[in-house]
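**Student:** The structure under discussion is supplied below as structure tokens; questions concerning it will follow.
All of the numbers you see were taken from the coordinates with simple rules; none came from a lab. Note that this is a predicted model, so its numbers are computed, not measured. Methodologically, a virtual Cβ is constructed for each residue, glycine included, from the backbone with ideal geometry; neighbour enumeration extends over all protein chains shown.
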């Protein structure tokens with residue numbers, strides 16, 4: 001429950017600031033998962049370390065959108081290793097890029113890193129006199145062997161490896177596994193309320209009932225709940241109005257999914273949520289989020305986007321598309337488009 | 001962005017930097033994939049969106065050096081941009097239906113691929129992916145663009161030398177053979193470009209003179225052509241075609257002499273002396289080989305104003321190997337031990353250069369029958 005969080009935080013000693021961390025912080029609306037976080041702490045706890053020279057390791061397993069990444073970030077926020085390293089592990093290329101960043105953080109020059117960067121960084125971690133936390137985020141089929149091969153097998157100080165993945169077989173390469181289940185209905189309601197910035201105490205019984213209904217329909221899938229909550233908070237509709245709209249959208253998947261497995265249900269839940277969440281975006285917002293789809297998922301500079309919008313007078317056609325080749329022969333129309341572009345804040 | 005953040009479609013990460021605070025955004029990968037799949041269904045809109053993304057990355061990604069000379073001052077900007085350009089490249093390759101690339105996109109991928117080489121990146125495969133994608137775009141467009149094509153091919157060859165045979169699974173042929181094939185083609189293309197170049201380019205811009213030539217003689221096209229000839233000679237050495245290699249090195253040497261003397265362009269002379277020492281070694285003319293190797297070391301110091309560089313130690317390492325071939329084992333061992341100590345200091349104890357020295361010294365001890373020391 002949200003209202004219990006301040007008390008809970010008071011009982012936890014604040015973690016000391018790491019000497020280095022490139023792990024993004026958990027999402028501001030992260031809720032629930034208290035049990036999973038406790039389990040993760042116990043499994044990675046130095047006191048549970050039977051062999052001093054071995055880092056603890058745990059796989060966070062679950063379907064896409066279940067909150068694996070956020071749980072690993074929440075663990076990083078609450079822990080006190082000397083170094084916290086984030087490894088994007090969905091492809092070999094990105095994994096290696098991430099190890100390059102670790103090499104830089106450890107002060108390794110390109111000539112020192114040599115041709116087998118991953119192996120060099122791995123052995124450097126194994127011989128560190130500092131403790132470290134290494135999070136391999138989103139290991140996929142294509143990067144499975146490389147991610148496993150990149151895991152340090154010893155450590156001088158109590159250190160830990162967290163892997164997040166939809167691949168359950170990774171558990172054979174870690175000491176423990178946490179299977180992330182859907183959020184409980186009430187946790188889902190809490191997440192929606194947090195997105196709506198509503199105090200649970202002020203929610204009417206009818207609204208609470210509607211939120212329970214939405215949370216249940218979304219199968220407790222955190223990503224779908226967060227995007228739905230975000231949509232609701234911006235739409236300014238009454239909950240009952242939103243619920244009608246939501247139910248309307250929902251109808252067509254209920255029939256289609258009743259014989260299907262849960263993960264297919266969840267995947268379709270995300271499709272429905274994205275459909276309405278994206279459909280209702282203003283044209284400029286839609287253009288902007290589409291642009292983000294072609295950049296790296298992390299570390300996109302705000303200034304880059306501000307400048308692009310300024311130079312293109314809003315997100316008007318920029319002369320590359322087949323349509324624009326037609327439009328560009330009529331410069332007045334282009335200026336007109338720029339003038340009518342709806343202003344929005346970046 | 002504020003609205004997208006409030007809708008939980010993106011996340012904001014405030015970050016402190018030396019230039020004040022700045023905001024970074026992130027987006028869930030699943031949502032990125034969903035967006036790209038939707039855009040695949042509207043190719044016109046996809047081109048508009050990708051056009052903006054390219055335009056952004058073009059502004060923040062430096063251009064590769066015209067003479068393909070590493071330039072450290074651009075490395076921070078490259079480091080920030082390259083993960084995004086690489087992600088764009090992967091998205092471009094995965095698009096279905098395929099996206100029709102543009103020359104601008106090919107150039108962006110080339111510039112970023114160049115950066116992977118210029119800082120001897122530990123992930124040369126990513127650089128090769130970028131460069132081959134750039135090359136694929138030029139093929140797709142049916143563009144001749146010999147200058148860009150040859151620049152791409154040159155960098156692919158250099159990166160192939162870095163990754164060696166380990167890249168065979170992707171390239172489908174032995175990496176060095178592929179590098180040789182590319183360099184032969186490269187020399188042909190650069191010769192065309194050089195011959196087509198206008199005579200007005202005889203005088204080099206000042207910046208390029210500082211980087212490459214002190215004399216101001218020659219043109220960018222000419223310098224690039226002879227760099228290509230030199231690299232092709234190195235590829236011939238790797239496949240033991242010494243006569244062909246020697247002929248190319250001599251062609252370069254003749255041009256260097258026309259450009260200036262050893263005091264004016266020590267870097268170019270050093271390259272020739274170093275390369276020709278290998279040719280002589282393979283010909284069994286060891287005394288001559290060692291004499292050229294010593295000259296190459298002198299040029300290296302003249303060019304770099306110091307002997308404390310990994311590249312100087314590499315030249316020295318090769319000279320010690322010539323001593324081994326000449327049967328001067330004790331002398332070679334002393335020199336190798338010195339190089340090892342210097343490499344540990346300059347390159348770091350974990351560098352592959354140190355590993356290379358350790359292996360060589362172990363082999364010499366083994367050859368001398370000193371098995372304990374070899375072990």
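**Student:** What FRET efficiency comes out for the pair residue B:311/residue B:375, r = Cβ-Cβ distance, R0 = 25 Å, nearest 0.05? Don't skip to the end; give the middle numbers.
**Tutor:** Working: r = 31 Å, r/R0 = 1.24.
The formula returns an efficiency of 0.20 here.
**Student:** Let a ≥ b ≥ c be the square roots of the eigenvalues of the Cα gyration tensor of the range B:273-375; is it rounded (a/c under 1.5), or, if not, prolate (a/b larger than b/c) or oblate?
**Tutor:** Oblate, because a/c is 1.5 or more while a/b does not exceed b/c.
**Student:** Rounded to the nearest 0.05, what FRET efficiency do residue B:254 and residue B:188 have when you use their Cβ-Cβ distance and R0 = 22 Å?
**Tutor:** 0.65
**Student:** Still on this structure: In what sequence, highest mean first, do A:229-235, B:94-100 appear when ranked by Cβ atoms within 10 angstrom?
**Tutor:** So the order, starting with the most tightly packed, is A:229-235, B:94-100.
**Student:** Continuing with this model, one more query. Roughly how far apart, in whole Å, are the Cα centres of the range B:273-302 and the range A:192-245?
**Tutor:** 77
**Student:** Kirkwood hydrodynamic radius (Cα pairs, Å) of the range B:223-278? Mind showing how you got there, number by number?
**Tutor:** On the way: mean 1/r = 0.0899 Å⁻¹.
Over the range B:223-278, the inverse of the mean reciprocal pair distance is 11.1 Å.
**Student:** With labels modelled as points extended 7 Å from the Cα through the Cβ direction, what inter-label distance (nm, one decimal) is found for residue B:366 paired with residue A:279?
**Tutor:** In this crude spin-label approximation the distance works out to 7.0 nm.
**Student:** Another one. Using alpha carbons only, how many degrees (0 to 90, rounded to 10) separate the axis of helix B:124-141 from the longest principal axis of chain B?
**Tutor:** Once rounded, the angle reads 60 degrees.
**Student:** How far apart, in nanometres, would the label points at residue B:141 and residue B:331 be if each is projected 7 angstrom from Cα along the Cα-to-Cβ direction?
**Tutor:** For residue B:141 paired with residue B:331, the spin-label model returns 5.5 nm.
**Student:** For B:239, A:162, what ranking results if the residue with the fewest other Cβ atoms within 10 Å of its Cβ goes first?
**Tutor:** Ascending number of Cβ neighbours within 10 Å: B:239, A:162.
**Student:** Hey, another quick one. Using Cα-Cα distances under 8 Å and only pairs 6 or more residues apart, what relative contact order does chain B have, in percent?
**Tutor:** 7
**Student:** Looking only at other chains, what is the average number of their beta-carbon atoms within 10 angstrom of each beta-carbon in B:84-92?
**Tutor:** 5
**Student:** With a 10 Å Cβ neighbour count serving as the proxy for reagent exposure, in which order, fewest first, do A:212, A:273 appear?
**Tutor:** A:212, A:273
**Student:** Return the average number of partner chain Cβ atoms within 10 angstrom of each residue Cβ along peptide A:271-283.
**Tutor:** Per-residue shielding by partner chains comes out at 2.
**Student:** Now for a separate question. Given 20 °C and 1.002 mPa s, compute D for the range A:137-237 with the Stokes-Einstein relation, Rh being the Kirkwood radius over Cα pairs; round to the nearest whole µm²/s. Please list the in-between numbers first.
**Tutor:** Working: Rh = 16.4 Å.
Estimated diffusion coefficient is 131 µm²/s.
**Student:** May I ask you to work out the translational diffusion coefficient for the range B:268-332 at 20 °C, viscosity 1.002 mPa s, via Stokes-Einstein with Rh from the Kirkwood sum over Cα pairs, reported in whole µm²/s? Mind showing how you got there, number by number?
**Tutor:** Numbers: Rh = 11.5 Å.
My calculation gives 186 µm²/s for D.
**Student:** Other chains near A:222-230: what is the mean number of their Cβ atoms within 10 Å of each residue's Cβ?
**Tutor:** Mean inter-chain Cβ contacts per residue within 10 Å come to 3.
**Student:** Ranked from highest to lowest mean number of other Cβ atoms within 10 Å per residue, what is the order of the peptides B:70-78, A:201-209, B:287-295?
**Tutor:** By packing density, highest mean first, the sequence is B:287-295, B:70-78, A:201-209.
**Student:** Distance in nm between label sites at residue B:103 and residue A:169, each 7 Å beyond Cα in the beta-carbon direction?
**Tutor:** That separation, rounded to one decimal, is 4.8 nm.
**Student:** Once both axes come from the Cα atoms, what is the angle between helix B:310-325 and the longest principal axis of chain B, in degrees from 0 to 90, rounded to 10?
**Tutor:** 40
**Student:** I would also like to ask the following. If one computes P(r) from the Cα atoms of chain B, what percent of pairs lie at distances over 31 Å?
**Tutor:** 46
**Student:** Do you know the relative contact order of the range B:249-356, to the nearest whole percent, from alpha carbon pairs under 8 angstrom that are 6+ apart?
**Tutor:** Relative contact order for the range B:249-356 comes out at 20 percent.
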